[in-house]
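Nothing in this text is a laboratory measurement; each read-out follows from the coordinates by a stated rule. Remember, predicted model here, so these are calculated numbers, not experimental data. Cβ placement follows ideal geometry from the backbone for every residue including glycine, while neighbour counts extend to all protein chains displayed.
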Amino acid sequence: MLAVVTDSTCDLAPETARALGLHVVPLRVLLHGRSFLDWQEIDPDAVYDHQRTGGQVQTQPAPPAAFERVYRELLATHSGILSLHISGHLSDTAEHARQAAAALNAGDRVQVLDTGLASLPLAEAAIAAVETVRAGGDMAQAVRAVEAVRAGLLAEFTVPTLEYLRRGGRLSRAQELLGNMLGVRPVLRFDAGRLKPVRRVRGQQATRDMLEQLEAQFGREPVALTIGHAGRDAARIAELKAAVSASRLKVARGRLQLLGPVIGAHVGPGTYGLMARPWAS
């Protein structure tokens with residue numbers, strides 16, 4: 001049987017990943033002069049609280065040695081490994097995974113895939129791969145499931161400021177200035193592996209605007225929908241759930257997901273997103 005590996009930028013909580021049968025290699029968060037394993041040694045809210053006080057947060061990709069340890073253990077008990085990772089335009093993590101696979105001389109038993117995604121979309125791709133493997137699918141079928149998710153999903157995020165993305169080198173200063181306008185929230189999508197501002201909307205209209213994009217794409221087709229939120233803001237999460245319930249979307253499966261420490265370091269507090277893809281029962 002295949003093992004499915006991903007990295008912690010999928011933003012699945014450790015207990016959720018374990019229940020799914022996913023093996024997660026953590027990136028690192030640098031805070032207060034210390035290095036923490038993403039999700040395992042630091043809570044997302046610790047990052048947001050630090051940012052609200054003006055503190056700086058840095059991140060590091062998972063090193064090749066971390067992947068090598070995980071791959072070696074899994075190859076002893078599995079026929080192969082599909083390793084799914086954050087976009088190479090955002091992190092060197094996928095390249096480090098490739099280096100680890102090469103060091104083990106595992107040949108085609110380890111396939112590393114740069115998904116071009118992160119956070120909610122990466123989680124959705126990893127879940128699809130696990131479900132395919134559990135249903136008896138082989139490596140090729142699991143890769144096709146990932147590609148189908150990638151082709152079919154629509155995910156959008158909105159941030160109160162592009163400052164954190166610009167600080168981390170994910171956006172240029174010009175893109176930051178384009179997005180940051182008084183009373184306006186930028187809406188971002190993944191485009192060819194990069195997170196880019198695609199439009200600007202009034203702050204109070206951002207949720208409705210993103211839902212309209214989902215409604216236009218999926219109509220009354222059943223969808224799997226995920227709400228992503230930076231921090232445990234119960235009131236805001238309740239608002240987002242209510243907005244989804246009041247929309248025209250036909251939600252066959254719904255999920256709530258917190259944005260984790262590494263992703264939070266780059267998008268900042270107040271960020272949230274909506275993602276949907278076609279659902280086949």
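Structure notes:
- Of Arg109, Arg253, the sequence from fewest to most neighbouring Cβ atoms within 10 angstrom is Arg253, Arg109.
- Placing +1 on the Cβ of every Lys and Arg and -1 on the Cβ of every Asp and Glu, with nothing else charged, gives the stretch 210-281 a dipole about its Cα centre of roughly 220 debye.
- Note on the chain: with charges restricted to the Cβ of Lys and Arg (+1) and Asp and Glu (-1), its dipole about the Cα centre is near 660 debye.
- What separates the Cα centres of the stretch 95-144 and the stretch 18-54 is a distance of 23 Å.
- Whole-number percent relative contact order across the chain, with pairs defined as alpha carbons under 8 Å at least 6 apart: 22 percent
- Extending 7 Å from Cα along the Cβ direction at Val201 and again at Ala216 yields two label points whose distance is 1.0 nm.
- Signed unit charges on C-beta, dipole axis of the chain, positive-most listed residue Ala19, Ala103, Gly270: Gly270
- Membrane-span-like helices of the chain, defined as complete DSSP H segments with a Cα extent of 15 Å or more along the helix axis and a mean Kyte hydropathy of at least 1.0, are identified as 120-134.
- Pair Ala140, Arg236: separation of 7 Å Cα→Cβ label points (nm): 4.6 nm
- Going from the residue with the fewest nearby Cβ atoms within 10 Å to the one with the most, Ser35, Ser87, Ser247 rank Ser35, Ser247, Ser87.
- Among Ser8, Pro121, Ala65 the positive-end extreme of the charge dipole of the chain (Cβ point charges): Pro121
- For the stretch 197-253: rounded, prolate or oblate by the Cα gyration tensor [a/c cutoff 1.5]: oblate
- Calculated FRET efficiency, Ala246 to His78, Cβ-Cβ distance, R0 = 45 Å: about 0.50 to the nearest 0.05.
- Per-selection metrics, the chain (Cα): Rg and Dmax in Å: 18.3, 56
- Considering only His229, Ala216, Ser91, and ranking their Cα positions along the charge dipole of the chain that arises from unit charges at the beta-carbon of Lys, Arg, Asp and Glu, the one farthest toward the positive end is Ala216.
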